[in-house]
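In what follows, a structure is listed as structure tokens, so that the remarks can point back to it.
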Amino acid sequence: MKNKFSSLLCLLLVLAILLSVFASSLLFSTKTNALAESYTSAKAMCVMESGSKRVLASKNENTKLAMASTTKIITAITAIESGKDLDSPFEISKKAVGISGTSLYLRQGEVMTLRNLLYGLMLVSGNDASVAIGEYVSGNVNKFVEKMNAKAREIGATNSHFDNTHGLDSKTHYTTAYDLALITSYAMNNKIFKEIVSCKNTKITNSEGKTRYLKNKNKLLSSLEGCNGVKTGFTDDAGRCLVTSCEREGMNVVCVVLNCGPMFEESAQLLDNAFKEYQLIDLTCGYAYKNKLKVEEGESEEVKIGTKESFFYPLKKNELKKIKYTYKIEDSITAPVENGQEVGEVKIFLDNDLLFSEKFYTMENVRRNSIFRKFLDVIEQW
């Protein structure tokens with residue numbers, strides 16, 4: 001009897017241990033999944049839908065930090081928009097040779113084009129290329145850096161300041177994850193910039209026929225669905241930095257991680273989460289209004305009205321029912337009516353936050369009734 005009792009106790013003890021292990025495993029799994037959805041080791045992070053500029057995820061996004069070679073995003077877009085011919089050859093100066101850090105190993109007197117240097121800048125992060133670009137565009141690097149800062153302010157990146165073209169450490173060279181997402185969203189709208197940063201491999205040739213083979217350092221271009229850019233970076237102060245752009249089903253999302261050890265892995269996870277959680281919706285498809293307006297004293301009794309712009313916005317599944325529309329449209333309009341006359345306004349809200357407003361316009365011309373037409377109307381009424 002005693003042996004049976006002991007055996008039963010042992011069995012119960014084993015079952016208790018197994019249940020405990022299973023419960024712990026389940027709890028650990030749940031916590032791990034939760035961490036996978038929200039956690040990043042980055043010092044700062046910002047995930048942004050590039051069209052609306054809506055922030056989809058963030059961490060310390062307004063903290064000013066060093067950003068290493070992700071600086072070259074503003075360098076590149078400033079150069080591309082400078083008006084300089086991308087394919088005119090020019091000589092590399094002595095000042096652009098021997099810059100510390102990653103390099104294209106340019107030689108003094110070597111003749112290159114701005115387009116080739118932009119590929120060298122963004123694919124292999126050539127610091128010497130950044131200096132050569134600044135000199136060619138503005139005459140000297142300091143003037144070009146002024147253009148970079150002006151461009152950042154124009155974009156809305158007001159918490160950033162650039163001291164150089166390459167991103168080597170400097171106490172007054174900084175940005176924020178939010179600012180860098182804004183800058184990148186802007187730059188990705190430029191066809192030339194997008195073409196360069198989405199390139200995995202290419203070769204550039206100088207005027208003497210010397211060829212350099214370039215391989216993009218951004219390995220997510222080959223491993224992440226929809227990835228189309230943009231730039232890696234590393235310095236002692238900045239740590240590992242990565243800006244990634246990714247497009248799926250018409251939605252383009254930019255992810256910035258600053259000072260992040262596993263920058264590729266965490267950026268991929270953050271982007272996958274964003275595409276799982278959000279969908280890009282054309283909110284103008286939800287308009288509910290009469291598309292005709294009464295016309296007083298016109299040859300036609302009504303005129304077609306409508307809006308001119310579409311508005312796409314990333315929403316979670318449970319947010320669509322929170323979208324509200326308010327309309328303010330004239331009851332009527334007096335002829336003559338010209339195509340494009342403003343007759344009202346629509347506003348789109350998410351809860352109480354205004355997302356978008358757009359004017360209503362007439363979509364056709366309506367002439368005023370002539371005196372002869374009015375006379376006939378009177379005769380007909382008799």
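Details
- The stretch 76-225 shape via C-alpha gyration tensor axes, a/c threshold 1.5: oblate
- Cα-derived Rg over Rh, computed across the stretch 225-382 with Rh taken as Kirkwood radius: 1.28
- When +1 charges are put on Lys and Arg Cβ atoms and -1 charges on Asp and Glu Cβ atoms, the dipole computed for the stretch 177-236 relative to its Cα centre reaches about 300 debye.
- Surrounding net charge for Lys324, when Lys and Arg each add one and Asp and Glu each subtract one, Cβ distance under 13 Å: 0
- Per-residue ellipticity at 222 nm from helix content only, as computed over the chain with -39500 (n - 2.57) for each DSSP H run of at least four residues, stands at -11000 deg cm²/dmol.
- Inter-label distance for Asn291 and Lys219, nm, one decimal - labels placed 7 Å from Cα along Cα-to-Cβ: 5.2
- Coupling constants for the stretch 98-114 follow from the phi torsions by the Karplus curve (6.51 cos²θ - 1.76 cosθ + 1.60, θ = phi - 60°), and in residue order they are x, 5, 5, x, 4, 8, 8, 6, 5, 10, 4, x, 5, 9, 9, 10, 4 Hz; glycine and proline get x.
- Rounded FRET efficiency, nearest 0.05, which uses the C-beta distance separating Lys171 from Glu265 and R0 of 30 Å: 0.45
- Surface composition of the stretch 116-253: carbon and sulfur atoms hold 45% of the protein heavy-atom accessible area at a 1.4 Å probe.
- Between Arg212, Arg54, Arg240, the residue with the greatest mean-square fluctuation in the GNM of the chain (Cα pairs under 10 Å linked by springs) is Arg212.
- Positive-pole candidate from Tyr39, Leu123, Phe360, dipole of the chain, charges at beta carbon: Tyr39
- Here the Karplus relation 6.51 cos²θ - 1.76 cosθ + 1.60, evaluated at θ = phi - 60°, turns the backbone of the stretch 39-49 into coupling constants of 8, 9, 7, 4, 5, 8, 8, 8, 10, 9, 7 Hz, with x for every Gly and Pro.
- Cross-link pairs beyond the 27 Å C-alpha cut-off, checked among Lys294/Lys359; Lys84/Lys191; Lys194/Lys359: Lys194/Lys359
- Entry note, the chain: relative contact order of 15 percent, from Cα contacts under 8 Å with a spacing of 6+ residues.
- The fraction of all Cα pairs in the stretch 209-276 landing in successive 5 Å bins from 0 to the largest distance is 3, 17, 28, 21, 14, 9, 5, 3, 1, 0, given as whole percents.
- Formal net charge of residues neighbouring Cys241 (Cβ-Cβ distance under 15 Å; K, R +1; D, E -1): +1
- Anchor Lys276: aspartates and glutamates whose Cα lies under 16 Å away (excluding residues fewer than 8 positions away in-chain): Glu37, Glu49, Glu225, Glu247, Glu249, Glu266, Glu319
- FRET E, pair Ser370, Asp331, Förster distance 41 Å, beta-carbon r, rounded to 0.05: 0.95
- Point-charge dipole on Cβ atoms (K/R +1, D/E -1) for the stretch 73-199, about Cα centre, debye to 20: 60
- Debye, to nearest 20: dipole size of the chain, +1 on Lys, Arg Cβ, -1 on Asp, Glu Cβ: 1460
- Förster-model FRET efficiency, 51 Å R0, Ser357 and Asn201, C-beta, rounded to 0.05: 0.65
- Under Karplus coefficients 6.51, -1.76 and 1.60, residue-wise ³J(HN,Hα) of the stretch 312-326 in Hz, glycine/proline x: 9, 9, x, 10, 6, 4, 7, 8, 4, 6, 8, 6, 10, 10, 10
- With the alpha-carbon atoms of the stretch 182-307 aligned to their principal axes, the span from lowest to highest coordinate is 74, 43, 27 Å, starting with the largest.
- Surface per residue (accessible, 1.4 Å probe) for the chain, Å²: 54
- In the stretch 169-250 the Cα-Cα distances spread across 5 Å bins starting at 0 as 3, 12, 19, 20, 19, 13, 9, 4, 1 percent of all pairs.
- Contact order relative to length of the stretch 272-369, as percent, for alpha carbon pairs under 8 angstrom and 6 or more apart: 31
- Summarising the label geometry, the points placed 7 Å from Cα in the beta-carbon direction at Lys191 and Leu320 lie 3.3 nm from one another.
- Taking 0.890 mPa s as the viscosity and 25 °C as the temperature, the Stokes-Einstein diffusion coefficient of the chain based on its alpha-carbon Kirkwood radius rounds to 98 µm²/s.
- Cross-link reach list, lysines versus Lys171, counting only Cα pairs under 16 Å and skipping chain neighbours closer than eight places: Lys64
The values are calculated or read from the model by the stated rules, or taken from the named source; none is laboratory data. All of these numbers come straight from a predicted model, not from anything done at the bench. Heads up, the Cβs are rebuilt from the backbone with ideal geometry, glycines too, and the neighbour counts pull from every protein chain shown. Just so you know, the surface numbers come from the protein's heavy atoms only, side chains and all, with ligands and any DNA or RNA stripped out. Shrake-Rupley method; radii C 1.70, N 1.55, O 1.52, S 1.80 Å.
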